[in-house]
Amino acid sequence: MMRHPRLFSLPYFILGVLFTYLAIESAHETIWNASTIVLAALAAFDFGTAFRLLFTPKR
């Protein structure tokens, strides 16, 4: 049974939102600390993967 890639984009999008929220919450006085940068990078990766899966052409 073949699953559609758009179904797999939803968890990546939710994780991207979660990591973005956590990055905003971890930036207390500056955004240039390691935890904020790592969380923002994870969010960017998740959003990129979600959009790539969302716009995958049908076969």
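The values are calculated or read from the model by the stated rules, or taken from the named source; none is laboratory data. Computed from a predicted structure; not experimentally measured. Here the Cβ is made from the backbone with ideal geometry for all residues, glycine too, and neighbour counts use every protein chain on show.
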field: Qualifying positions in region 36-55 - among the small types (G, A, S) and surrounded by 18 or more Cβ atoms within 10 Å (Cβ to Cβ)
entry: A40, A43, A50
statement: Restricted to region 1-34 and to residues being loosely packed, with under 13 Cβ neighbours inside 10 Å and of a type in the set (D, E, K, R), the residue modelled with the highest pLDDT is E25
message: Of the conditions (1) of a type in the set (K, R); (2) touching a Ser or Thr at 6+ places or on another chain (Cβ under 9 Å); (3) without any contact (Cβ under 8 Å) to a residue 40 or more places away in the chain, R3 satisfies every one except a single condition; which number is it?
response: (2)
statement: Per the filter on region 23-59, residues assigned to a helix (DSSP H, G or I), more than 17 Å from L7 (Cβ to Cβ) and of a type in the set (D, E, K, R) are E25
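Within the bounds of region 35-51, is there any residue that is at pLDDT below 90 and not charged (D, E, K, R)?
Looking through region 35-51, none of the residues is at pLDDT below 90 and not charged (D, E, K, R).
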message: Six or more apart or on different chains, Cβ atoms under 7 Å: show the pairs whose first residue is in region 45-59 and on the phi < 0 side of the Ramachandran plot and whose second is surrounded by 13 or more Cβ atoms within 10 Å (Cβ to Cβ) and at pLDDT below 95.
response: A50/S9; L53/P5; L53/R6; L53/F8; L53/S9; L54/R6; L54/S9; T56/P5
